[in-house]
Amino acid sequence: MDEYEIRELCEAFFDAYENRRVDVIEKLYANDCIVWHNVFGRETAGAENIAALPDGYKGQRRRTYNDRIVNTFHDGFVIQYTLNGVQHNGHRGALWICIVGRCRDGKITRIDEYLDSGKFAAWAGRSPKGASP
């Protein structure tokens with residue numbers, strides 16, 4: 001894959017994620033895709049990640065993947081972005097995320113996601129553990 005194809009794949013993936021198009025995401029993952037999240041500290045198969053997406057979307061009425069900065073390399077990409085969300089109660093929150101993606105034959109073969117889990121409470125509109133009301 002050349003730089004243009006990798007960039008196009010990356011954008012298609014994040015557009016599908018934002019639009020909750022699990023069917024498109026499934027087509028963009030290679031059969032042997034692995035997804036790793038630093039907050040969970042474990043790898044999951046792409047199929048397991050796909051199966052979890054509908055429940056993951058339930059927490060917010062809207063998500064946008066803004067301020068995308070994409071850099072490509074010979075077999076993948078690094079994307080930094082702001083995930084903005086609106087909870088069902090109207091609370092707005094943001095997370096700043098970096099993903100390293102690996103690609104082969106027009107598909108994503110691996111995703112390594114890095115974010116600050118200490119920001120989850122503010123993202124969801126809850127007080128952090130140990131904080132006073």
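The values are calculated or read from the model by the stated rules, or taken from the named source; none is laboratory data. Just so you know, these numbers come straight off a predicted model, no measurement behind them. Note that each Cβ is placed from the backbone with ideal geometry, even for glycine, and that neighbours are counted across all protein chains shown. Each accessible area value is taken on the protein alone, full model and side chains, heavy atoms only, with ligands, DNA and RNA left out. Shrake-Rupley method; radii C 1.70, N 1.55, O 1.52, S 1.80 Å.
Enumerate lysine pairs in the chain that are 8 or more residues apart or on different chains, then count those whose Cα atoms are under 24 Å apart. Mind showing how you got there, number by number?
Working: Lys27/Lys58; Lys27/Lys107; Lys58/Lys119; Lys58/Lys129; Lys119/Lys129.
Lysine pairs, 8 or more places apart or on different chains, close enough: 5.
Grab the beta carbon distance between Glu26 and Ala122, set R0 = 30 Å, and tell me the FRET efficiency rounded to 0.05. Intermediate results must be reported in sequence, preceding the final value.
Working: r = 31 Å, r/R0 = 1.03.
Taking R0 as 30 Å, the efficiency between Glu26 and Ala122 is 0.45.
Residue by residue, what Karplus-based ³J(HN,Hα) values in Hz, rounded to whole numbers, does the stretch 92-103 have, using 6.51, -1.76 and 1.60 with θ = phi - 60° and x for Gly and Pro?
Coupling constants for the stretch 92-103: 10, x, 9, 10, 10, 10, 10, 10, 9, x, 10, 10 Hz.
Can you order the peptides 94-100, 107-113 by their average number of other Cβ atoms within 10 Å per residue, highest first?
107-113, 94-100
If I compute solvent accessible area with a 1.4 Å probe over the protein chains, what percent of it on the chain is carbon and sulfur?
Details: 3810 of 7670 Å².
Result for the chain: 50 percent of the exposed heavy-atom area is carbon or sulfur.
Once the Cα atoms of helix 3-18 and of the chain are each reduced to a long axis, what angle between those two axes, in degrees from 0 to 90 to the nearest 10, is obtained?
In the chain, helix 3-18 runs at an angle near 30 degrees to the longest axis.
With Rg/Rh (Cα atoms, Kirkwood Rh) defined as stated, name the option among (1) 0.98; (2) 1.00; (3) 0.94 computed from the structure displayed.
Computed from these coordinates, Rg/Rh (Cα atoms, Kirkwood Rh) corresponds to label (1).
Can you list the HN-Hα couplings for the stretch 47-58, worked out from phi with the Karplus curve (6.51, -1.76, 1.60; θ = phi - 60°), rounded to whole Hz and with x for Gly and Pro?
4, 5, 4, 4, 5, 7, 4, x, 5, x, 6, 5
Would you grab the residues whose amide H sits under 5 Å from the one on Thr109? Only those 5+ places off in sequence or on another chain, please, with H modelled 1.01 Å from N.
Ala30, Arg102, Cys103, Arg104
Using alpha carbon centroids, what distance separates the stretch 48-105 and the stretch 1-39, in Å?
10
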